[in-house]
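Structure, as structure tokens:
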Amino acid sequence: MTCKTRQGTIIQKQIASSSKLPKPVVFIDVPPPNLQGRIESRRKLLDSTKQTSQDATGYERYFEDHHMKTRTSNNTLAGVDILNKAECRSILTKVPVKHKTEIESLTELYKCQFLQWYIELKSGFNLLFYGYGSKKKLLEEFSQAYLRDRPLLVINGFLSKLKIKEVFLQVINGVDMGVKPRSRETLEELTELIREYFADPDRKVQNLYIMIHNIDGQGLRTLQIQNCLSILASSPNIYFIASTDHINATLLFDQDRATKFNWIWHDITTFNYYEVEQAPK
């Protein structure tokens with residue numbers, strides 16, 4: 001057996017036989033690919049890319065990457081059709097309510113606490129409700145279930161144009177206190193009239209419930225209004241039921257006002273939409 005090697009070919013073997021020799025196998029010599037040339041071209045490409053990255057760094061690289069002209073659209077907000085209130089409400093009513101079953105179960109759990117809230121009111125405390133979601137509907141259901149025996153004053157504190165002085169005048173005229181307040185009287189004087197009436201043992205109206213939706217509203221945040229409300233809250237036979245949504249609502253009540261309000265805080269996270277509170281005023 002003889003072996004002969006050549007570059008790029010396979011070894012050719014000749015096997016001797018005693019009787020007959022096979023025909024020799026012919027192998028085609030295929031030249032190897034030019035790997036060295038490919039490696040050199042690849043190295044040059046990497047070197048040029050690396051050199052470009054090193055030359056343009058920092059702010060120069062930023063402007064080099066953004067040298068193309070920016071294209072803007074001709075569409076503007078002026079060309080968009082604005083929905084009216086009815087169309088907007090119609091579209092919103094078609095949006096499916098997420099977690100409807102869970103929200104209803106949570107609401108029923110709060111309704112089981114109505115009796116507890118009523119007992120707390122009658123024990124001389126005022127109620128302040130907080131938590132995510134609109135609490136207006138739930139508090140109205142509470143008032144219809146347990147506060148129907150006495151006059152109920154509802155104040156929508158989320159209204160930006162709310163005038164608390166006009167509200168106090170309506171209380172004085174609605175309860176028929178026997179006095180005719182003058183329009184020039186200050187808010188403090190009107191507050192004192194209401195407080196004196198419900199402190200009188202010979203009064204006709206025994207109790208007054210005041211429900212304030214968003215006592216932290218924009219129209220009720222002044223120091224004067226909060227002081228007058230705290231005076232009424234500390235008065236006998238006047239009961240406050242209020243809600244709050246602002247995260248910094250506690251800053252409205254310093255030590256003196258917090259003592260007068262005598263709050264019991266309740267978390268009633270309802271996850272309901274703020275439909276009325278965020279409606280256009």
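Solvent-accessible surface of segment 137-199, taken per residue with a 1.4 Å probe and all protein chains present: 61 Å². In the context of the full protein assembly, Trp265 retains an accessible surface of approximately 110 Å², using a probe radius of 1.4 Å and ignoring ligands and nucleic acids. Please compute the net charge surrounding Lys165, taking Lys and Arg as +1 and Asp and Glu as -1 over other residues with Cβ under 14 Å from its Cβ. Every neighbour counted, the sum reads -1. Heavy-atom accessible area for Thr259, with the other protein chains in place and a 1.4 Å probe, reaches approximately 100 Å². Which pairs, out of Lys135/Lys260; Lys98/Lys122; Lys111/Lys163, put more than 26 Å between their alpha-carbon atoms? The answer is Lys98/Lys122; Lys111/Lys163. Carbon and sulfur atoms: what percent of the 1.4 Å accessible area of segment 184-255 do they account for? Exposed carbon and sulfur together represent 50 percent of the surface.
For Thr76 and Gln170 in the same chain, what is the full-extension length gain: residue separation times 0.36 nm, less their Cα-Cα distance, in nm? Write out the running numbers ahead of the final one.
Working: separation 94, 0.36 × 94 = 33.84 nm, distance 4.86 nm.
Result for the pair: 29.0 nm of gain on full extension.
The values are calculated or read from the model by the stated rules, or taken from the named source; none is laboratory data. This structure is a prediction, so every number in the text was calculated from the model and none was measured. Note: ideal-geometry Cβ built from the backbone for every residue, glycine included; neighbour counts use all protein chains shown. SASA here: full protein model, heavy atoms, side chains in, ligands and nucleic acids out. Shrake-Rupley method; radii C 1.70, N 1.55, O 1.52, S 1.80 Å.
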